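*Asks:* My questions all concern the structure below.
The values are calculated or read from the model by the stated rules, or taken from the named source; none is laboratory data. Predicted model only: the values in this text are computed from it and were never measured. We place every Cβ from the backbone using ideal geometry, glycine too, and count neighbours over all the protein chains shown. Side chains are part of the model used for accessible areas, which takes the heavy atoms of the whole protein and leaves out ligands, DNA and RNA. Shrake-Rupley method; radii C 1.70, N 1.55, O 1.52, S 1.80 Å.
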Amino acid sequence: MKSSLGSLLGRLAIAGLSSVLLAGAVSAASIEDVLKQIDPATGKAKDTATAFTLSGIVSARATLADGRALAFVQPSGAAGVAVLAGAADAARFIPRNDVSFTGTLGEGPFGSAALVVKAGSVSVTATNKAFGAAEPRGADFFKDASSSAGRYVSLTNVVFAGPKFDGTGTAKVKGDAGEVTLLLTSTLKDRDVPAGALNVFGVPVKVDGGWRLLAARFLSVNNRTAQALATKHTCMTCHNPDIKAVGPSYRDVAARYKDDPEAVAKLTLQMEKGGGGKWGLVPMPPLGAKVPVEDRQQLAQWIIGYRWDALLAE
Ligand code: HEC
């Protein structure tokens, strides 16, 4: 009864008969409802007729070679659903955006089902939202990541295999326990890979029978040490890496300077001399007298490390 009503509403929505009826279907569809319509054994959709209207937070995305975006939309701390958006809507599926949209289940880019977004149905209700902690995983876990399919995980302590990204939309990283292939946006072509040991955050995806990680964020394994340094120097009373506070979020700062070769010098100068007018009316006080030059350098490197959030979302 419930599902036949759902598909009736879906058909009405497809026919464009009534946005009021569609709004009635909105509250009924949760990400869990959609996941129930995907066969766990085959990864294929059982129901390709119902138009689901969902909201949730984007955890990871990549722009495919054809301009469409493959994204994951999560409820907090639970499994998310793969979403395929056309080029016109792709820019709204930026990680940490809270989005609402309508879609029907269809074939995703790697053979398994994805929710294919109805063009123009996407609205962004908030940005810079958190979506629960990442489950830490080693490289060996990706031999069979099915227990974390659709969940937000972090692949810990890996290094990139090659010096630059190519245009294939994949890259290999190595850990103690083997190699993992990352899925990432093809626009990274020719960019230098991040240096040193990293934790890669993202969502496991099955591609041609093998598990890959759709990458959303790269952070140095020393991230917590740098954050402790920022706490010691009172930066964290005004800043948060992810959320705007008195000062801008560090991921927003890093996004603005993502292609600026002078970024580290500029951020170091801000810490030394303070300044205002770049992010709002409140100025930042000068901290040069309290924060030694080596610490300023280290903090600037750490902050600029968040630029991968923006680069991976291009
Ligand atoms: C009293 C609050 C406060 C403290 C403490 C503080 N900041 Fe800021 N910070 C701000 C504000 C406000 C801005 C925005 C200034 C503007 O609009 O130009 C800012 C901006 C920045 C920027 C962006 C600069 C740019 O060029 O865009 C960086 C980087 C930064 N802060 C890093 C730090 C670090 C690192 C520390 C600790 C050493 C720190 N801040 C401590 C309030 C603070």
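*Asks:* Tally time: how many residues in the range 187-228 are more than 17 Å from Val173 (Cβ to Cβ) and buried (at least 19 other Cβ atoms within 10 Å of the Cβ)?
*Replies:* Looking only at that region, the number is 1.
*Asks:* Residues of the range 234-248 being within 14 Å of Leu299 (Cα to Cα) and either near the ligand (Cβ under 6 Å from one of its atoms) or assigned to a loop (DSSP other than H, G, I, E, B) (or both), which ones?
*Replies:* Selection gives Thr234, Cys235, His239, Asn240, Pro241.
*Asks:* Which of the following residues is crowded, with 22+ Cβ neighbours inside 10 Å, modelled with pLDDT of 95 or more and in contact with a strand residue (DSSP E or B) (Cβ under 9 Å, 6 or more places away or on another chain): Val99, Val124, Val116?
*Replies:* Working: Val124 fails: crowded, with 22+ Cβ neighbours inside 10 Å; Val116 fails: crowded, with 22+ Cβ neighbours inside 10 Å.
Just one listed residue meets the conditions, Val99.
*Asks:* Separate question: Being under 29 Å from Asp166 (Cβ atoms), β-branched (Val, Ile, Thr), more than 6 Å from the ligand (Cβ to nearest atom) and touching a residue at least 40 places away in the same chain (Cβ under 8 Å), is that true of even one residue in the range 255-275?
*Replies:* Within the range 255-275 (the criterion being under 29 Å from Asp166 (Cβ atoms), β-branched (Val, Ile, Thr), more than 6 Å from the ligand (Cβ to nearest atom) and touching a residue at least 40 places away in the same chain (Cβ under 8 Å)), the answer is yes, since at least one residue qualifies.
*Asks:* Let me ask another. Quick check on this structure: which one of Arg217, Arg224 is within 23 Å of the chain's Cα centre (by Cα), more than 10 Å from the ligand (Cβ to nearest atom) and in a helix (DSSP H, G or I)?
*Replies:* Being within 23 Å of the chain's Cα centre (by Cα), more than 10 Å from the ligand (Cβ to nearest atom) and in a helix (DSSP H, G or I) holds for just one of Arg217, Arg224, which is Arg224.
*Asks:* Additional query: Scanning the range 287-314 for residues that are more than 10 Å from the ligand (Cβ to nearest atom) and open to solvent by 30 Å² or more (accessible area, probe 1.4 Å), which turns out nearest to Ala85 (Cα to Cα)?
*Replies:* Glu314
*Asks:* If Gly132 satisfies all but one of (1) small (Gly, Ala, Ser); (2) closer than 16 Å to Val34 by Cβ; (3) surrounded by fewer than 18 Cβ atoms within 10 Å (Cβ to Cβ); (4) touching a Gly at 6+ places or on another chain (Cβ under 8 Å), what's the number of the condition it fails?
*Replies:* (2)
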